[in-house]
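**Q** Take a look at the following structure, please.
The values are calculated or read from the model by the stated rules, or taken from the named source; none is laboratory data. Note that the structure is a prediction, hence the values are computed from the model and not measured. Side chains included, ligands, DNA and RNA excluded: accessible areas come from the protein's heavy atoms. Shrake-Rupley method; radii C 1.70, N 1.55, O 1.52, S 1.80 Å.
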Amino acid sequence: MSRLFLVLLAFVGALMGAGCGGAGSETAASGPAPQTKAEYQATVSRIVSSVSAKYGNLSVDPAKLPANEVADVQTGLRELADELDGVSPPGEVSDLHADYVAGLRAFADELPDLTEKLKAAKDPSAGIDVLLDSESLQQLLRASQGFSEKGYDLELDSGNE
């Protein structure tokens with residue numbers, strides 16, 4: 001069961017790299033100007049690295065995950081969502097960006113229940129079913145796939161292995 005949770009956390013870590021951007025130029029009437037693809041990808045990396053550095057390694061066995069660690073993960077996910085919410089993504093991915101930020105917030109809300117269900121799963125297939133039933137993870141997956149389909153490489157390869 002701990003392998004399944006490690007896979008989940010690796011998946012979420014990869015998704016965290018798949019949905020963010022950075023501060024752009026302000027326009028007088030409409031707020032920040034959309035970033036270019038390159039700016040957006042660089043900002044994603046910076047934000048995710050910053051939040052990951054603050055909250056450290058989150059790969060733990062869910063059966064032994066204390067409630068205060070669940071709360072820390074929730075705080076980290078919410079902080080990531082808040083930082084990403086301030087980004088002005090390129091227009092072609094603005095809807096995906098909004099979906100991703102909403103998915104992070106929903107996942108943070110769902111995490112305590114999801115962790116308990118994973119702890120209660122009797123075998124790996126039951127744990128997989130728990131993950132597949134997660135609406136927030138499905139939302140994050142859809143957004144991640146959408147970024148990939150549009151040619152955005154937002155996964156972090158360094159520092160998370």
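**Q** With every protein chain kept in place and ligands, DNA and RNA left out, what is the accessible area per residue of the stretch 62-149? Probe 1.4 Å, answer in Å².
**A** About 49 Å² of surface per residue is accessible.
**Q** Taking K54 as the anchor, which aspartates and glutamates have their alpha carbon closer than 14 Å to its alpha carbon, excluding any fewer than eight residues away along the same chain?
**A** Counting by Cα, and skipping residues close in sequence, K54 has these aspartates and glutamates nearby: E69, D72, E79, E83.
**Q** Give me Rg/Rg_expected for the stretch 64-126, where Rg uses Cα atoms only and Rg_expected = 2.2 N^0.38 Å with N residues.
**A** 1.38
**Q** Show which lysines lie in cross-link reach of K150 when reach means a straight Cα distance below 26 angstrom and same-chain residues fewer than eight apart are skipped.
**A** Partners within reach: K37.
**Q** Under the 0.36 nm per residue contour assumption, what length would be gained going from the current alpha-carbon distance of S94 and S49 to full extension?
**A** Once the chain is fully extended between S94 and S49, it gains 14.1 nm.
**Q** From the phi angles alone, apply the Karplus equation (6.51, -1.76, 1.60; θ = phi - 60°) to the stretch 37-50 and give each ³J(HN,Hα) in whole Hz, x where the residue is Gly or Pro.
**A** Working through the residues one at a time gives 4, 5, 4, 4, 4, 5, 5, 3, 4, 5, 5, 5, 4, 5 Hz.
**Q** Mind checking the full-extension length gain between K119 and E69? Use 0.36 nm per residue of separation minus the Cα-Cα distance, one decimal, nm.
**A** Result: 16.5 nm gained on full extension.
**Q** Across the stretch 76-82, in residue order, what do the Karplus-derived ³J(HN,Hα) couplings come to in whole Hz, using 6.51 cos²θ - 1.76 cosθ + 1.60 with θ = phi - 60° and x for Gly and Pro?
**A** The phi angles translate into x, 5, 5, 5, 4, 4, 4 Hz.
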